[in-house]
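Undergrad: Take a look at the following structure, please.
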Amino acid sequence: MKKIFLLFLIGLIPSLGKGQGCIAVRHMSCAVGSGPNSNTLMSPGQWQVSLGMRSLHSYKHFVGTEYQAQREAEGTNVINNTQSADLGISYSVTGRLSVSVNLPFSYNDRSSMYEHYGNAVSGNPGRNRFETKSVGIGDARLTANYWILDPLKHPKANVMLGLGVKLATGNSNVKDMVHRRKADGSDYTLEKPVDQSIQLGDGAIGFNFEVQGYKLLGTKSLLYYNGFYLLSPQNVNETEQFASDKPITDLMIRYHSVADQFAARVGVAYDLIPTKGFQVMLGGRMEGIPAYDLLGGSDGFRRPGYIISVEPGISYSKSKNMFSLTMPLAVVRNRIKSAYDLKDPAGLRQGDAAFADYFISATVSHRF
């Protein structure tokens, strides 16, 4: 078979384990992915097991595209640390049709002032910040993938389409202890739902649509592209958003919103050492959450926005094993207005969100 480039699993999309800080983009690896080698073609009856890992540290606040440098200077910024893994198992039914299951797992740590004693000096004179955590599995996905063209007959260019369902296997109402300060300065704790950005799931059924493709450019390079959209028809879940110890009475933001999300990538991979299986990649990437869903309501609390990144990477393949590593570097971070913000008659209301400068994504796979 003629040597070709294919797109190998590199942890493209957001899991119910959060991908870009306060913007609750989930880490959802694509079923097939990027990494150039003829060995990536699966024959009927073959299995592939992959593990996609992602690590990020978010701490920079933005309102729209405006960086809020004062939050770091004051020490009031929110810091999210996320370590996530996405286990994928794929089975090739035919040379063109495959099915896959993806199960994410994540460890999330969130440090803040405002969710505890508050940001104000009067209520938090010691400038104390505390942590909340969430650990566990996220929302699983089942996906069917189909090559538009026969890969054996069309080695120079092809497109794969994917259609699947996202299950509500992750806990959407994880709780942890938050700290409160009495007037005499003593501390006490309350159990509250953790912030939406570190909830493990969204508590609803969703539907994912994927597209992946490649086109050879000469003998040593190829154009690759990926697209992903998660459709979430349910309006809100049962997890309550909190800003104080008093219940929020505005039903539009009382509960967590069940939001759509999207991601897209495009780039070029170059066969650096053809006989050794080493490739380098450079591309662009965009991922985020819209203010309004395509189907269903868009009420509830959400932090919509998007991140545009430059994405360098490397990959290595040998026999039935593959490895890839990418590090998307953020060039645009935009916390757009939510549906709730847009209902402000004065047009002034707009929330903020914390973002990462970059994150690290690595994937390893083995084919049986």
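Quick note: the coordinates plus some simple rules give every number you see, no bench work behind them. Because the structure is predicted, anything quoted here is derived from the model rather than measured. Cβ: placed from backbone, ideal geometry, glycine included. Neighbour counts: every protein chain shown.
Undergrad: Report the semi-axes of the equivalent ellipsoid for the stretch 210-272 in whole Å, largest first, where each axis is √(5λ) for an eigenvalue λ of the Cα gyration tensor.
TA: 45, 12, 6
Undergrad: Hey, another quick one. How many angstrom separate the Cα center of the stretch 308-362 from the Cα center of the stretch 215-264?
TA: If we compute the Cα centre of each part, the gap is 12 Å.
Undergrad: Sort MET53, MET160 so that the residue with the fewest other Cβ atoms within 10 Å of its own Cβ comes first and the one with the most comes last.
TA: MET53, MET160
Undergrad: Using the scaling law 2.2 N^0.38 Å as the reference, what is the normalised Cα Rg of the stretch 159-248?
TA: Cα-based Rg divided by the globular estimate yields 1.78.
Undergrad: Rounding to the nearest 20 debye, state how big the charge dipole of the chain is about its Cα centre with +1 on each Lys and Arg Cβ and -1 on each Asp and Glu Cβ.
TA: The calculation lands at about 1280 debye.
Undergrad: What is the Cα radius of gyration of the stretch 320-368 over 2.2 N^0.38 Å, N being its residue count?
TA: Output field value: 1.98.
Undergrad: Another question, then. What number in nm² do you get for the stretch 283-365 if you take the convex hull of its Cα atoms and divide its surface by four?
TA: 7.6
Undergrad: Oh, and also: Calculated FRET efficiency, GLU72 and PHE209, Cβ-Cβ r, R0 51 Å, to nearest 0.05?
TA: In this case the efficiency is close to 0.85.
Undergrad: Give, as a single signed number, the net charge of other residues whose beta carbon lies under 12 Å from the beta carbon of MET177, with Lys and Arg counted +1 and Asp and Glu -1.
TA: -1
Undergrad: Next question, about the same structure. Work through the residues other than VAL280 whose Cβ is under 15 Å from its Cβ and net out their charges, Lys, Arg +1 and Asp, Glu -1.
TA: Local net charge: 0.
Undergrad: How would TRP47, TRP147 line up from fewest to most surrounding beta-carbon atoms within 10 angstrom?
TA: If I rank by nearby Cβ atoms, fewest first, I get TRP47, TRP147.
Undergrad: Which one of SER317, SER43, SER90 has the biggest mean-square fluctuation once the chain is modelled by GNM with Cα springs under 10 Å?
TA: Result: SER43 has the largest fluctuation of those listed.
Undergrad: How much FRET efficiency would the formula 1/(1 + (r/R0)^6) give for PHE368 and VAL99, where r is the Cβ-Cβ distance and R0 is 22 Å, rounded to 0.05?
TA: Efficiency computed from Cβ-Cβ geometry: 0.90.
Undergrad: Pop a pseudo-label 7 angstrom from the Cα along the beta-carbon direction at both VAL280 and SER221 and give the gap in nm to one decimal.
TA: 1.1
Undergrad: Of PRO155, PRO312, PRO247, which is the most mobile in a GNM of the chain whose springs link Cα atoms less than 10 angstrom apart?
TA: With Cα springs under 10 Å in the chain, the top fluctuation among PRO155, PRO312, PRO247 is at PRO247.
Undergrad: Using unit Cβ charges (K, R positive; D, E negative) and no other charged atoms, how large, in debye to the nearest 20, is the dipole of the stretch 138-276 about its Cα centre?
TA: 680
Undergrad: Which of GLU287, GLU115 comes first, and how do the rest follow, when ranked by fewest Cβ neighbours within 10 Å?
TA: Neighbour counts put them in this order, fewest first: GLU115, GLU287.
Undergrad: A further question on this structure: In Å, the Kirkwood hydrodynamic radius of the chain over pairs of distinct alpha carbons?
TA: One decimal place: 21.2 Å for the Kirkwood radius.
Undergrad: Can you pull the one-decimal nm distance between simple spin-label points at THR169 and TYR358, each 7 Å off the Cα toward Cβ?
TA: 3.2
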